[in-house]
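Reviewing the structure listed below.
Just so you know, all these numbers are worked out from the coordinates, no wet-lab data involved. Treat the numbers as computed from the prediction; the structure is a model and nothing was measured. Cβ coordinates were reconstructed from backbone atoms using ideal geometry, including for glycine residues, and neighbour counts include every protein chain displayed.
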Amino acid sequence: MIHTVYYLVHKHTLERHRYYKTRAGARIAQRARNSHLGFTLRVERIELDNLELERCGMTDGTIVTATWCIEENTIEIAD
């Protein structure tokens with residue numbers, strides 16, 4: 001059976017950290033990890049090359065792309 005999953009991916013290395021069964025679960029994990037890295041103020045979410053990224057405001061007023069992103073994919077799971 002084919003299922004849609006959402007991988008938490010490191011932006012620079014494109015290494016998949018783990019997968020989530022729902023987009024909401026992946027977004028919660030993404031927000032928590034990016035927040036721990038100092039990206040506390042999310043300005044927007046964008047999609048780029050099959051990745052969902054967070055654009056975050058920094059204390060100096062600049063807007064940067066946070067480190068962790070989400071990749072939607074499908075996997076086959078035996079019933």
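So here's what we get for this one:
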quantity	calculated
Likely footprinting exposure, CYS69, CYS56, fewest C-beta neighbours within 10 Å first	CYS56, CYS69
Sparse-neighbour loop sites [trypsin sites (Lys or Arg not before Pro); the range 40-73; at most 10 other C-beta within 10 Å; DSSP]	none
Kirkwood hydrodynamic radius over Cα pairs of the range 2-76, then Stokes diffusion coefficient at 20 °C and 1.002 mPa s, in µm²/s	172 µm²/s
Nearest-ten-degree value, helix 23-36 long axis tilted from longest Cα axis of the chain	40 degrees
Charge dipole of the chain about the Cα centre (unit charges at C-beta), most positive-ward option of THR59, ILE46, ASN34	THR59
Least to most buried among THR40, THR74, THR22, THR67 (fewest other Cβ within 10 Å first)	THR74, THR22, THR40, THR67
Helical mean residue ellipticity (222 nm; -39500 (n - 2.57) per DSSP H run of 4+; nearest 500) of the chain	-5500 deg cm²/dmol
